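Have a look at this one before I ask anything.
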Amino acid sequence: MLCSSTIAQTDIPVQKELKIEAANKIDDTKKPQEGTSLNIPSVVDNPETNLNMTTRNPVKMVDDRNLVQAGYGMKIDPKAGPREPKEGSKQHFADMYLGDVKSSGKFVGIVCRDHEYVDGDRVKIYLNDKVVDPNILLTGSFKGINLDLEPGFNRIDFEALNVGSSAPNTAQVDVYDDQGKLIYSNKWLLSTGSKATLIITKDSE
C-alpha cells in the first residue's frame, strides 16, 4: 500500500508561471519615419486668387478659347433663294393677280408686248367676262386696245392662248388713262389657259 501511494503523488502536475510579452515592441527613442508630403496649395499665399466675395466670377464648363460664333466658316451660295423663271421653263404657271389701279377717266388704253424672247405668244383679252379682243399676237412692240370703263370695278383678264415656241407666255402690260398718262405697268408669266387679272376702279362722277 505504501508503494501505490507514492506513485499517486508523482502524477500531480507542477505549476509554472506564464510570462506574456508584446509581439512588437515600440522603440520610443527611434525617430519617426517621414512619408511623402501632401502638397496643398495655399489660397492665402496665392496672389492670383480673388477673395473678393462681392465680385461674381461665372463658372465656365468649357474652354471658351476655342469657341466660335454660330455660322463661322459657313459658305453661302449667292445663287440660293427664289429665282425668277426664264424663257424655256417647263414649270406650270397658274393664274396670277396683277393688282389694281384707279382711274377717273372714261376709258383706258391697254397695251402689251412680249418683254422677253419674241416667240409667237398670243393672248385673249376680257373686260368684265366679255371678250374684247380674241387674239393678240405679242411682238417686241406694244399693241392693244382702248376699253370704256364702267363705274366701280372693271375686271380685265389676259388669257394665254399658247406659250409660243418657248414657255411660258411672257408679256409686259401698260395702262394709260384717257389723258395719255401711264398709270400702271406690270409683267406676267403664264402657261397655256392661265389668266392674268387686273382690276381698274373707276370713281363715280
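The values are calculated or read from the model by the stated rules, or taken from the named source; none is laboratory data. Remember, predicted model here, so these are calculated numbers, not experimental data. In this analysis, Cβ positions are derived from the backbone assuming ideal geometry, glycine residues included, and neighbour counts consider all displayed protein chains. Side chains included, ligands, DNA and RNA excluded: accessible areas come from the protein's heavy atoms. Shrake-Rupley method; radii C 1.70, N 1.55, O 1.52, S 1.80 Å.
What list of ³J(HN,Hα) values in whole Hz, one per residue of the range 127-136 in order, does the Karplus curve 6.51 cos²θ - 1.76 cosθ + 1.60 (θ = phi - 60°) give from phi, with Gly and Pro shown as x?
3J(HN,Hα) across the range 127-136, in whole Hz: 10, 6, 6, 10, 6, 10, 8, x, 7, 10.
Can you give me the % of accessible surface on the range 138-205 that is carbon or sulfur? Probe 1.4 Å, all protein chains present, nothing else counted.
Numbers: 1440 of 3110 Å².
C and S atoms contribute 46 percent here.
Next question, about the same structure. If the limit is 21 Å between Cα atoms, which of LYS124/LYS202; LYS143/LYS181; LYS130/LYS181 go over it? Please list the in-between numbers first.
Working: LYS124/LYS202 23 Å; LYS143/LYS181 16 Å; LYS130/LYS181 25 Å.
The answer is LYS124/LYS202; LYS130/LYS181.
Another question, if that's okay. Non-local amide H neighbours of VAL132 (under 5 Å, H modeled in plane, Pro and chain starts lacking H): which ones?
HN-HN under 5 Å from VAL132: ILE125, TYR126, LEU127.
Which whole-number value in Å² is the accessible area per residue of the range 84-189, probe 1.4 Å? Working shown, then result.
Details: 5730 Å² over 106 residues.
Per-residue value: 54 Å².
Students sometimes get this wrong: rank TYR126, TYR176 by accessible area, probe 1.4 Å, all chains present, largest first.
Details: TYR126 30, TYR176 75 Å².
Ranked from most to least accessible, the order is TYR176, TYR126.
Still on this structure, I have one more. Skipping prolines and chain starts, which residues have an amide H placed within reach, meaning under 5 Å, of the one on LEU149, given they are 5 or more residues away or on another chain?
PHE107, VAL108
Mind checking the dipole of the range 95-205: about its Cα centre, +1 per Lys or Arg Cβ, -1 per Asp or Glu Cβ, Debye to the nearest 20?
80 debye
Could you rank SER194, SER165, SER185 by how accessible they are, 1.4 Å probe, largest area first? Present the calculation step by step, with values, prior to reporting the outcome.
Numbers: SER194 5, SER165 95, SER185 60 Å².
The ordering from most to least exposed comes out as SER165, SER185, SER194.
Taking 7 Å along the Cα-to-C-beta vector as the label spot, tell me the THR139-ILE199 distance in nanometres, rounded to one decimal.
Going from the THR139 label point to the ILE199 one covers 3.5 nm.
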